[in-house]
Each structure stands twice: as structure tokens, then as C-alpha cells.
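*Asks:* Mind looking over this structure? Questions follow.
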Amino acid sequence: MRLWHRAEKRQPTQAQRLFNGLVREWLWVSLLLLPITAFLSLSPGLALNNLLYDSLRRLAPLSVDPRIMLVTIDDRSLKELGQWPWSRRVHADLLDRLTAAKPAGILFDVIFSEPAREPANDLRLAEAMCNAGTVLLPLIREGTPRYGQPVAQILPVLPLRDCARSVGHINVEADSDGIVRSLYLREGPPGNMTPQLAWLAFELSGQQSVMPGAPGPSDSANWQRENAIRIPFIASGGGFPSVPYVSVLRGEVPPELLRGRLILIGATAPGMGDRYVTPLSASVGTTPGVEIQANILNGLLQGRSIVDLPVWMTTLLATAMVALLLGLLLFRPRYALWLTLGCMGAALLGSWGLLRLGHWWSPAASLIGMLLSYLIWNWRRLSVILAYFGWELARLDNEPKVLPERRRAPASQGDVLQGRIFALEQAVSRTRDTRRFMADGLECLPVATLITDPKGNVLLANRIARGVFGNELVAENLLEQLAALGYPPLQDGARPALSALEIVEFRDTLNRSLRLDLAPLLPADGDVALGWLLSLTDLSIERDAQQQRETLLRFLSHDLRAPHSAILALLDVQDSAAPIFAQIEQQVRRALNLTESFVQLAKAESDGYQFQPSLFAMLVLDAFDQVAVHAQLKGIQLVHDLDEDGDEMVWADQSLLTRALFNLLENAVKYSPSGTTVTLSLSSIEDRLECRISDQGPGIAPQDLPELFAQYRRFASAQGSEGLGLGLTMVKAVVDRHGGRIGCESVVDKGTTFILQLPLWSE
């Protein structure tokens, strides 16, 4: 069986072992990264959270509800009405104007926490509030709690509080960066929590809705907060419709503009101090408090208040995105960068989509986890690659050098990567030199030689091969080229695999005698061919010489034999008993035997063998039949131990191998005395057949055994018998051509045994 027909052993390579170790290591990395991601998702103080929120909020701005109208205490109003604070009669007059226009509600973002200098002014404002019936007043949380006392609320003065429709808080929450982004719709002392002022205005609009948000953490047992939301700011370039305070007071604003609206009254003048840093501050500076209330109300009216997702859902989404990337990096490492960018983009897109739906999920933790995953993944892959390169380059460096190594500048000892690159450069250069050496060596070979890939595409071909095929061959298909050359197995249109090509001798289209030889090019660590080496040997000269030899053999066999046979025929018709005639007959027969021996030896040494599977026992029996007459005439018994059911097969030329067996048996009969026995025995030893032929003749001296199979050698034990010394030479030539061995064991005066070993044939 050919070597290249064996199946490849599925042993893991060094690279496979290293990357299998990387997979196991990656599982441990995942168990570390996922808890880190979960921890980061639980960290509200992460600076990236606010940055991402502001950036994504700008991509999902809220439109302005037309029901909202601002009455602003601006610089113009302060200039025309005088220094703040104004008399509460002024506010009463404004309320009378607004009440006459019939708005849906009036929200005062002005703190009336202290009584007026003139009590009548408070009564006047309270009367106006009672007449309006839809006025909402604010309260605030005391900024700094008094020592040993609970946190208190600063309420409007009593006359105003009694006439207001409701009182709500206007407290907002500043994040760690000092920017106002969120608030609580309900907060206050336990059992007395107050709704947010904008929520009260939303209720005045007549819409029914459940207060958004979830319960929030309490600062202490004396203060509770619930229903946390993020303020859904409008676009930075937009604004709410507004009119100056003084314009409404003087009747310059048409009542139709105010009718049915939710009116928010508050300060916008920078000198009033009621301004906050918000996400809008980057484009419009600080934001007035009344506009913050307007943004809150705008979100409530449109059902777009932004609520943080529950903590468990935030953690689950962050860890799920990172886990997805960890798995994709493991199964699709080639696209690590694009997978990471894609997952990051998906996280940002998902967060933006949730923001448009009124929910906030910060992708900061997942982005950090993904970035860490990508960095750790590439770092570990680079480490594995460097380790593999180091191992493979060291192994390559230990391989025997085909060519002398060229001198190069030494690499830096401190940088591992640079050292690996330097070693790789040397290996690549050595590979180029080796390929050039192979190409040059192939070019100088005396026979047509080609190298192909596993599919049969020619990679290299020497000049003799190019001359045989008549083209450059490179990149051509070998099977097609052989078919065009006249290779017989391909003439019927079949295109088998290269491994199935028959190694035969054939005549090409130019009547050249070519012998095809094929061998696989195996890798260092495997049995599957990486390519094929094919050679075409031009045997035209040898075949012409063989033909001449066969002509000479026919001359020796026929033309020389014919006159000798004629001489013998003339002697047979002579009745004379003269000794001269006997001597002539003896010499003629000697000449005929010499001719026959020459012919047999020439056939044995020629290339004209016709091998075929043969039953060895049949060949032995044919040889026995041929020598039986000689044995009977001499009174010698022929004995064999052949089994009638014996099935030992050999790959043999039946005619020549039978002749070789005959020569051995004939010699045994010739040199054995009368009344003795010649024995032939067969046995099988592993994959070889052993045939032993023994006689009881005079034997051969030990000093003669080394030259037993030389031509024209006659030994002392053969004195007195006819022979030319060519029979054993012919036997040796035949056995060698059959891939076998022949030996001799002999003891003087006791007999000789020839031992013949041939390889057994199997399908």
C-alpha cells in the first residue's frame, strides 16, 4: 500500500494547543470581565454616564408643546417696573390680566416665602389668586438643615397658600458634575410629600396619567423622594413661546394668545440668580428655573418623561452586550475590530432608541467592558502568536541547514516583538534561498521533472519538462498536459486523482518512449500530500538498444542454432563410428548449450519482464516436470512438500522465474550421485515466501561460496560435469529483478541447499 493513501493522523498541532489554551483562558477572562461590567453599571457616579446621556439626548430632542407659554421677568421688565422685588400688587394686577384671558393654569416660579411690608398687598395678591382659581405656587427645600433639626420646607406665606390651587416643590437634582438633569416628582417629609410643581400644572391640563418614575433613595428618615425622572429638554436651538412680564401687565399681549394655555411665570433676567447649569448650557449658557419647569411640563404633556431603567435591567443589558462580544470574539476572531465596533454601535443605538421611548439606559459600562474585551483579546492573541512564532522559529532554526546562513545585523535584545520579526525575516530569507536552490536544482536534473499542488496545477517545471510538453507548464493542469501528450489512461476522457495515476511506460504523440514516475510531497508532520513530484524519463535510446539486443538474441537463438542443428542432423545419418564424429557431436552440443545459456542470461538481464500475479506452486510444478526426465535417467528422486491448496502468490514473470527454478533443480540433479534425493520445501515468513532446494551432492567449499554467482566460475566440486558457469548467474539476475534474495548453504561431501526468498503479492 502506498504511503500517501494513509489517512492523516488527527493529532493537535502546537498552534492548535496554544489556541485551545487561549479559549480556556478566555473563559476565565469572561468570568472576570462580566462582574466588572456589572459593577460599573451599578456606579451612578461614572463620568461617562453623563457625557453619553447629554450626547444622546441631543440626538433625541423633544418638540415644544403649543399649550405652554412663558411670562418672563426679563431685563426689559426690570428696567420698566423697577428694582426687584416688586410690590405684590403688581403680581395681583398681572393675575387679573391673565384671569381675564382664561388660561388653563398659571404656575408661579416665584418664591413668596416672606410677608410683604404692607399686609394689604398680600391680601390683594391672595384675592387675585382666589379669583383665578388655577394658580400654582412653589415651595423649596431648605438648603442647609439646622443643627439637630430635620430638613424643612420653605412654604409660601399663609394668605397666598390658602388661595393657591396647589403648592408644589421646584427642587431639582444636580449630578456630580454640577449639571441639573433630573428631579423627583414627589418629595418631602414622611407622610407629607409634595408633588412637583410641573406635575400639578400637568394635572390642570385635564390629562390623566400615572406619575412616571420609580421610588428613589431617601436622604434620611426625615426626607423621602419618589418618582425620579430625567428632564426631557427640548432642542438647544429651540425655545418656548414667551412674552415679557411688563407686556402682559400693560395689556400689550392679545388675550387670544393666552387663552387655554398653561402660563409659567418666572425670572429669566441673569441678575435674578434663578439660573442653573443644564445640558443646554453648552449652547445657551445657564438655564432659568422657569424654563426648567417648562421642560418638565413639556415632557409630561407629551408622555415623554425620561425614566431610568431598573438597576437589574441595566446590569443585565450591560453584561449581555459584553457577553455577546466575548462570544463573537471567540468564534469570529478574524473580525475582532469590526465586531467590537459593531457591538459598541449597537449599544449606543439601543440606548438612543430607549431614550426616544422615554427610558434611559447608560451604555457606559458595556462600552468600557467591550473596550477591555477587545484590548485583552488582542493582547492575549498577540502573546499566543509571539509564543508560537518563538517555538516555530526555534524549531526551524534547529533544522539541518540546506544552505549556509547569511550574516545579518544582530536584533535588539530588549524588544520581544522586534526579535521575533528579526527571526521571521531570517526564516523567510532562508525559505527564499531554499526555494531558489530547489528551483535551480530542479532545472539541472537530467530528466523531465515537475512539481504540482494537490489539485494537479503545475508549480515548477525544469527545462527538460518544458521541452517534453512543448510549453512553459507553470499554472497548467498536469492531467490535461498528460492527456495531450498521449498518456493512455487519460485518453478516454477520465480525469482521476493524481494518487490514482498508473506508473507506466508509454509512447507519446511523438513516438518517444516515456516512463512516468509519481511521488507525493509530504509535510514534516503529516501523511497528506502537499503536492506531487512527477518525472518523465525518456527511454527511447534504451528501448532502441533493447530492440537491438532482442535482435541479437534472435540471431543467437535462431541463426546460430540452425547450422548447429544441421550438423547434428548430418551426423545422425552417418553410420561411421569414428571417434572424430563423436567429438564433433560433443562440441556442437556444447556450442548449442552455450548459445542457450547466453540467451537466457541476456533475457534475465534485460528490461523486458512481464510481471503478473502468479501462483508459485504452479511455477514449481512446471520446473519439476521439466527436470523429471533427467532425474529418472540418473535415478534421483524429486521430493516436494507443496500443498494442493497452497495459495502463495508472487508478482513474477512466469517464464523467467520457472527457468530460474529449473536451473536450480537441474544443478541439484546434475551434481547429485545416483540413488539420492533432491528436496524442495516452501514456507512463509511474514510477507516473504521462502523456497529451499536441497541435494546430497559433493557440496561447495566455503572459500568458493562468495563467488558462487559470478559468470564463468567453475569450482572443484563441479569437475567432471558439463557446464559454462552461467546458470547461477542467470538465477541471481532473475531473483534480483523480482525483488528477492538468493543464498546458499553447503557442507562438503554432505550436500548443498539454495535458499530463495521472494516477496508475497497481495491485492
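*Asks:* With respect to the numbered conditions (1) buried (at least 18 other Cβ atoms within 10 Å of the Cβ); (2) closer than 13 Å to T537 by Cα; (3) not aromatic (F, W, Y), which one is the sole condition not fulfilled by V447?
*Replies:* (1) is the only condition that V447 fails.
*Asks:* Identify all residues within the range 626-659 that are without any contact (Cβ under 8 Å) to a residue 12 or more places away in the chain and more than 24 Å from R688 (Cα to Cα); write none if there are none.
*Replies:* Of everything in the range 626-659, those that are without any contact (Cβ under 8 Å) to a residue 12 or more places away in the chain and more than 24 Å from R688 (Cα to Cα) turn out to be A628, V629, Q632, L633.
*Asks:* Can you tell me which of S535, S499, S429 is of a type in the set (G, A, S) and part of a strand (DSSP E or B)?
*Replies:* S535
*Asks:* Okay, next question. If Q293 satisfies every condition in (1) at pLDDT below 90; (2) surrounded by 13 or more Cβ atoms within 10 Å (Cβ to Cβ) but one, which is the exception?
*Replies:* (1)
*Asks:* Kindly indicate which of L137, L183 is assigned by TED's automatic domain parsing to the domain that holds A228, assigned to a strand (DSSP E or B) and within 14 Å of I263 (Cα to Cα). Walk me through it before giving the result.
*Replies:* Values: L183 fails: within 14 Å of I263 (Cα to Cα).
Matching residue, one of L137, L183: L137.
*Asks:* While we're looking at this one, here's another question. Of all residues being modelled with pLDDT under 90 and among the acidic types (D, E) in the range 110-135, which is farthest from A198 (Cα to Cα)? Just the residue, please.
*Replies:* Looking at the filtered set, the residue picked out is E118.
*Asks:* Run down L280, L301 and say which single residue is touching a residue at least 40 places away in the same chain (Cβ under 8 Å) and farther than 28 Å from Q208 by Cα. Even if it seems obvious, please write down each step before you answer.
*Replies:* On the way: L301 fails: farther than 28 Å from Q208 by Cα.
After applying the criteria, what remains is L280.
*Asks:* Working only within the range 515-531, note down all residues that are in contact (Cβ under 8 Å) with a residue 60 or more places away in the chain and either of a type in the set (S, T, N, Q) or out of contact with any helix residue (DSSP H, G or I) (no Cβ under 6 Å at 6 or more places or on another chain) (or both). Spell out the reasoning first.
*Replies:* Within the range 515-531, the subset in contact (Cβ under 8 Å) with a residue 60 or more places away in the chain is 520-522, 525-531.
Residues satisfying the conditions are L521, L522, D525, G526, D527, V528, L530, G531.
*Asks:* Let me ask something else about it. If you check R430 against the conditions, is it modelled with pLDDT under 85 and surrounded by 16 or more Cβ atoms within 10 Å (Cβ to Cβ)? Give the steps one after another, and end with the answer.
*Replies:* Working: modelled with pLDDT under 85: yes; surrounded by 16 or more Cβ atoms within 10 Å (Cβ to Cβ): yes.
Taking the combined requirement at face value, the residue satisfies it.
*Asks:* Select from the range 496-523 the residues that are more than 17 Å from V458 (Cα to Cα), among the aliphatic types (A, V, I, L, M) and at pLDDT below 85 and list them in ascending order.
*Replies:* Here is the first cut: in the range 496-523, the ones more than 17 Å from V458 (Cα to Cα) are 500, 502-515, 523.
Of the ones still in play, those that are also among the aliphatic types (A, V, I, L, M) are 500, 503-504, 510, 514.
Within the range 496-523, A500, I503, V504, L510 meet the criteria.
*Asks:* Take the residues in the range 674-712 that are surrounded by 15 or more Cβ atoms within 10 Å (Cβ to Cβ) and charged (D, E, K, R); name whichever of them is farthest from S614 (Cα to Cα). Steps first, please.
*Replies:* If we filter the range 674-712 for residues that are surrounded by 15 or more Cβ atoms within 10 Å (Cβ to Cβ), which is where we start, we get 676-680, 682, 688-700, 704-705, 708-709.
Now drop any that are not charged (D, E, K, R), which leaves 688, 690, 692, 695, 704.
Details: R688: 14, E690: 15, R692: 19, D695: 26, D704: 34 Å.
The selected residue is D704.
*Asks:* Condition first: over 17 Å from L70 (Cα atoms), β-branched (V, I, T) and part of a loop (DSSP other than H, G, I, E, B). Now tell me which residues in the range 220-263 satisfy that.
*Replies:* Residue satisfying the conditions is I231 alone.
*Asks:* Spot the failing condition for N511; the list is (1) among the polar types (S, T, N, Q); (2) at positive phi; (3) buried (at least 19 other Cβ atoms within 10 Å of the Cβ), and only one is missed.
*Replies:* (3)
*Asks:* What is the residue count in the range 632-661 for residues that are assigned to a helix (DSSP H, G or I), among the hydrophobic types (A, V, I, L, M, F, W, C) and surrounded by 20 or more Cβ atoms within 10 Å (Cβ to Cβ)? Before you say what the answer is, go through the steps one by one.
*Replies:* Pass one, the range 632-661, residues assigned to a helix (DSSP H, G or I): 632-634, 654-661.
Then keep just the ones that are among the hydrophobic types (A, V, I, L, M, F, W, C); that gives 633, 656-657, 660-661.
Going one step further and asking which of them are surrounded by 20 or more Cβ atoms within 10 Å (Cβ to Cβ), we end up with 656-657, 660-661.
Matching residues across the range 632-661 total 4.
*Asks:* Of all residues in the range 485-507, how many are more than 30 Å from R395 (Cβ to Cβ) and in contact (Cβ under 8 Å) with a residue 24 or more places away in the chain? Please lay out each step first, then the result.
*Replies:* Of the range 485-507, the ones more than 30 Å from R395 (Cβ to Cβ) are 485-497, 500-507.
The next check asks that each one be in contact (Cβ under 8 Å) with a residue 24 or more places away in the chain; those that pass are 485, 487, 505.
Residues meeting the conditions: 3.
*Asks:* Sticking with this structure for a sec: From the residues in the range 657-698 that are among the small types (G, A, S) and over 17 Å from V627 (Cα atoms), which one is modelled with the lowest pLDDT? Talk me through it step by step, then tell me what you get.
*Replies:* The first filter runs over the range 657-698 and keeps only residues among the small types (G, A, S), leaving 660, 668, 672, 674-675, 681, 683-684, 694, 697.
Checking the rest, the ones that are also over 17 Å from V627 (Cα atoms) come to 683-684.
Numbers: S683: 89, S684: 86.
Here the residue is S684.
*Asks:* Restricting attention to the range 78-95, and to residues there that are aliphatic (A, V, I, L, M) and in contact (Cβ under 8 Å) with a residue 60 or more places away in the chain, which single residue is farthest from A120 (Cα to Cα)?
*Replies:* If we filter the range 78-95 for residues that are aliphatic (A, V, I, L, M), which is where we start, we get 78, 81, 90, 92, 94-95.
Remaining after also requiring in contact (Cβ under 8 Å) with a residue 60 or more places away in the chain: 78, 81, 90, 94.
Details: L78: 23, L81: 20, V90: 13, L94: 17 Å.
If we take residues in the range 78-95 being aliphatic (A, V, I, L, M) and in contact (Cβ under 8 Å) with a residue 60 or more places away in the chain, then L78 is farthest from A120 (Cα to Cα).
*Asks:* So the check is Cβ under 7 Å with 6+ separation or different chains; which pairs have a first residue in the range 660-678 that's assigned by TED's automatic domain parsing to the domain that holds R737 and a second one that's assigned to a loop (DSSP other than H, G, I, E, B) and among the hydroxyl-bearing types (S, T, Y)?
*Replies:* K670/S721; Y671/S721; V678/S672
The values are calculated or read from the model by the stated rules, or taken from the named source; none is laboratory data. All values reported here derive from a predicted model rather than from experimental measurement. Backbone-built Cβ (ideal geometry, glycine too); neighbour counts: all protein chains shown.
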